[in-house]
Structure formats: structure tokens, C-alpha cells
Amino acid sequence: MPEAQVDTERALARLRARVEGEHIAPVTRSGSAPRRIGVNIWLRGLAAAATVALVATLLTVSGLAETILTIFEPKQLVAVPITVTDLNGAASFGAYGTLTWTEQPKPYDVPDVRTAAHDSGMTVLVPSNLPAGVGAPHYGVMNKTTATFTFSADKTKQAAAALQRTPPPMPANIDGSKLFITGGPAVVAYYSDSTNTTGATGATGASPFAGMPTLIVAQGRPPVVQSDGVTVEQLQSYLLAQPGISPQLAAQIRAIKDPSSTLPVPIPVDMATSKKVTVQGVEGIFVGDSTGLGSAVIWQKDGIVYGVAGTLTEQQVLAVANSLH
């Protein structure tokens, strides 16, 4: 597959702007001095999570089967290639209503894997196969988060007017309806180059892996979404008809065979390619950036989503992933 020639800096700028718009910020436990590398990694990790959440919630929820009225609980992942034009001018999720946190995301550093397991309530897997030059891990924990999103016709109109757009009218039964979202907990282990005390990597600014540690190993519980009664047909018709969402992307979302249990993973084709791989005995998604300087693999097993990423080759990333125990 030929590499796409695009403005990657613009793509990264759009991602960062959306994260900043949601006011996502890392925190540390009281009494402990924050580590700069920890803060940087959490910001980048949250940026990726925010991007997935934006697309998955705004678009995927609109394609769910009847169970959206009761629950959305993903048990498998699917790659959804997107381009800059697919979401060109699409409003952020906040333009359609108000997100109210009951338990906000509060990532913090922990001293070791035992503490990470205790705080998250999960069995934290560790790799037995590490590439040469990878340093000791630093661990961070993200607490379980809960939030409610309330749709608002008035807010949608105001946001559209500010952009000089005319979106389709919000149906009366969507206006005021709620989505109840639960996610996490999650654990991230980040490994820097043992020969580089700054934690920076050799990736360039054109790579989505730029500035990341040599290796990141993450795991967490996937999101669960409940609705208080809006119909699937009306939600789908309304959300996928919004200005700025391409017909091609909408068609991809509608084509998901089992949307009530499938979490789409957006793949920016201008920056990366993806393919299916077998990892830990299950199907996963491999993602390689267009520079050849970074890669990642994502999979779900036994109710947990896992990810391994870094400035490594496909062979190295898969070796680390398959060595987790």
C-alpha cells in the first residue's frame, strides 16, 4: 500500500487542539513530585484516548444495534481508516451537548507494578522479552471514570452558528437524552532508552510516535455506554448526517458487523497503515507509522484491552506483546 502524502503537522495540531479543548490534564498524588517524563507520557496517552473516544462515541454509538438502549460493551476491535477529509470541519463531541464527569480521569505515577496492580484491581502483565537498550519501566495508573453526556439542541445550534453551519435539526427525543459512559481503570508502563536520560526517541516530528518512550505497554478495561432511551435509527440518522463527516466514513461505521460489541480503532491513513495480526492467541490490530520509525499492536482478551507501542519494528513490538505474562 503506497504511503499517503499529507500534512502530518496539521493532523497532529488538530489532535492536540481537541485534547486541550477537553481540558485534559494529568495529576499526581499529593506529596509526590511529578516526573516530567510521566506527565508527557500521560498527556500523549490521553491525547490518543481522547481521539478514540471522540470517534467511537460520536460515530460508533450511532451505528449500534438495539442493545445501545441497554449497553455497549466492546469485546473486539476493528480498524477504521480515516483521513483528514473524513472529519474535515466536523464539530467536536462537545458541540452536541454537555459532558459531566462523576469520576474524572486522574492519572498518576506509582512506584512499581505491584502498586499498579493493587490500585487498578487488575492483574498487570509484564513482558519477558525486551529489545536491547530498553530501560527500566515507570508505571502509571488511570482510575475508573464515569461520565454522563446530555444532548442539547440549543448548544448544537450555537456551536453551528459560530462555525456558520446549518446542521440537521436535532430530533425532539434526542434533545435532552443521556449517554452514561464508564471507562477504565488502566495501567501504563513506559520504558525509555537506557542510553538516553531525557527519555526522547529518534522518531521525527512527522511521526505519531515522535517524542514517545522507546516502549509503552498499556492495559485497561474498555468503555461501557448506556442510553436512557433514544432510538438507534434516529441517533444514527442524526449523527451520521452532521456536516464534516464524509459519506465514506459513515459507510464504514454502518458496515461493522457486530457494532454493539465492537470498538473501532481510528487509523489516520495519512500517518499510518494497519493490518490484522495474531497476538496472545487472539486477533489484534497492528499499526505502523508512515515513517517506518514506530509501530503498535492493540488487542482485547478476557475483557481487557492491551496495547504495545513504541519506536520499534513490527517484529519487536509483536515479540514484546506475545511475551506478556
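Quick notes on this one:
- Scanning segment 191-245 for residues that are within 17 Å of the chain's Cα centre (by Cα), at pLDDT 80 or above and within 26 Å of Arg114 (Cα to Cα) yields Ile216, Val217, Ala218, Gln219, Gly220, Arg221, Pro222, Pro223.
- Positions within segment 290-309 being within 16 Å of the chain's Cα centre (by Cα) and of a type outside the set (A, V, I, L, M), in sequence order: Ser295, Trp299, Gln300, Tyr306, Gly307
- Selection from segment 97-125 of residues that are of a type in the set (Ser, Thr, Tyr) and within 23 Å of Leu179 (Cβ to Cβ): Thr98, Thr100, Thr102
The values are calculated or read from the model by the stated rules, or taken from the named source; none is laboratory data. Small disclaimer: the values here were computed from a predicted structure and weren't measured. Cβ coordinates were reconstructed from backbone atoms using ideal geometry, including for glycine residues, and neighbour counts include every protein chain displayed.
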